[in-house]
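Presented below is the structure to which this report refers.
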Amino acid sequence: MLLTEPLVLLDAGLRGTLIALLLLLSAILWRDRPRLTVVRTGIALCLGLAVQVVAATPLFEAMVPRLWQAPLVAVSVANAVLFWVFVQALFDDDFVLRPLHATLWLAVAALSGLNCVVVAGSASILTPLFMGAQRGIPLLFAALSALAAARQWRTDLVEQRRRLRAFIVITGIAYTVALLAARLGSPHGRLLGPTATADVLILLLIIATVTVKMLKLGHLDLFPAPSHQALPASGQVDTLPVDAPLSPAPKPVEHDPVEDRLVAALQSLMQEERLYRSEDINLASLAARLQLPEYRVRRLINQRLGYRNFNAYINEFRLTEACTALKDPALQDLPVLSIALEAGFQSIGPFNRAFKAATGLTPTEFRKENIADS
């Protein structure tokens with residue numbers, strides 16, 4: 001049963017408002033940091049959701065031929081992949097888009113378009129398999145999104161940003177699961193009557209909340225500069241100062257002798273005891289050493305030292321030690337891997353990536369240039 005006339009007007013108004021809000025959010029994202037991967041994936045997700053809003057309109061699903069619906073359905077289902085990519089970029093400042101991400105999006109879109117045009121309604125024995133795969137895709141990528149969020153969430157040191165990120169992930173996953181359940185319980189997988197209006201209303205509330213929170217938070221706190229700032233590639237500066245934040249400087253705070261002592265104790269653990277070398281160093285273990293709650297350690301590193309990401313804070317000490325070792329002629333025969341492991345990196349891959357991002361050179365290139373100049 002399609003919407004009654006009053007619900008048709010309400011549904012149309014909600015969909016128009018939601019599409020306008022998604023376009024506004026895209027414009028805000030593009031204005032603030034157009035080159036960031038998280039911004040570009042966020043814009044792509046907003047535009048994909050706008051397409052989904054149109055594709056899920058009851059009159060559109062009921063009256064438009066499936067051939068015409070296919071591109072919109074393809075984009076709508078592939079939004080699950082976009083959400084997964086967006087969550088990864090949102091929680092990992094060093095996330096890089098790879099061909100795999102585009103391949104997965106294209107594969108899901110192709111499957112969904114094919115199902116819409118050919119498979120849906122056919123008597124083929126493969127129909128349940130293809131349609132089941134399409135229905136399972138949102139659940140799969142919702143689970144992957146949850147894993148990505150859980151893996152990176154605790155390293156974020158900006159409390160407001162952590163809450164916003166958690167809201168985006170939790171509501172996004174909940175909406176995905178609820179939408180799938182609603183479609184599975186509807187004839188031919190279509191949202192009808194009040195269910196369709198409730199769907200667009202819930203999505204509108206989520207997007208409106210995200211937009212308001214983003215405007216309050218500000219783009220500098222939401223989307224910081226990349227985790228690593230270029231280190232000198234030559235011998236002009238001995239090392240990167242371990243107390244120089246890679247992120248923008250912290251906001252001025254009132255002098256607090258208690259927090260000054262805590263910061264001194266924190267820096268002592270890093271500079272004197274070299275706790276950053278520990279393979280299991282994290283916020284929890286660091287808080288335990290300082291006998292403080294995690295939120296206080298998070299606040300110290302963020303507000304007093306200016307870091308937005310815990311890994312950036314730890315890696316700065318590790319990279320400083322590695323740079324010192326690579327510039328030492330007495331250690332020129334020591335393998336790069338040994339230097340990386342000694343500094344606290346667990347393998348050569350993450351070390352090489354962090355080092356290249358910080359200096360613009362590979363460790364070997366850095367060593368050659370600096371030893372040649374010594």
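The values are calculated or read from the model by the stated rules, or taken from the named source; none is laboratory data. Note that the structure is predicted; figures quoted are calculated from it, not measured. All Cβ positions, glycine included, derive from the backbone under ideal geometry; neighbour counts span all protein chains shown. Ligands, DNA and RNA are stripped out before the accessible areas are found, and what is left, the full protein with its side chains, is counted by its heavy atoms. Shrake-Rupley method; radii C 1.70, N 1.55, O 1.52, S 1.80 Å.
A few remarks follow.
- Among the residues making up the stretch 343-374, those that are touching a residue at least 40 places away in the same chain (Cβ under 8 Å) and within 20 Å of Ala312 (Cβ to Cβ) are Ala343, Gly344, Gln346, Arg353, Ala354, Ala357, Ala358, Thr359, Gly360, Leu361, Pro363, Phe366.
- Residue-level check: of (1) surrounded by 13 or more Cβ atoms within 10 Å (Cβ to Cβ); (2) at pLDDT 80 or above; (3) among the polar types (S, T, N, Q), Thr239 misses just (2).
- Among the candidates Leu139, Leu106, Leu97, residue that is surrounded by fewer than 18 Cβ atoms within 10 Å (Cβ to Cβ) and within 14 Å of the chain's Cα centre (by Cα): Leu97
- Test for Leu326: is it open to solvent by less than 40 Å² (accessible area, probe 1.4 Å) and either of a type in the set (Gly, Ala, Ser) or over 22 Å from Gly360 (Cβ atoms) (or both): no
- When the test is whether a residue is within 22 Å of the chain's Cα centre (by Cα), surrounded by 13 or more Cβ atoms within 10 Å (Cβ to Cβ) and in a helix (DSSP H, G or I), Gln134 does not pass it.
- Total residues in the stretch 325-342, condition without any contact (Cβ under 8 Å) to a residue 40 or more places away in the chain, more than 16 Å from Arg277 (Cβ to Cβ) and in a helix (DSSP H, G or I): 3
- The lone exception for Arg274 - which of (1) out of contact with any Gly (no Cβ under 7 Å at 6 or more places or on another chain); (2) buried (at least 17 other Cβ atoms within 10 Å of the Cβ) it fails: (2)
- Set side by side, the residues Arg318, Arg261, Arg296, Arg289 differ, and just one is touching a residue at least 24 places away in the same chain (Cβ under 8 Å) and surrounded by fewer than 17 Cβ atoms within 10 Å (Cβ to Cβ), which is Arg296.
- Tally, over the stretch 176-200, of residues that are modelled with pLDDT of 80 or more and either in contact with a helix residue (DSSP H, G or I) (Cβ under 6 Å, 6 or more places away or on another chain) or of a type in the set (Val, Ile, Thr) (or both): 8
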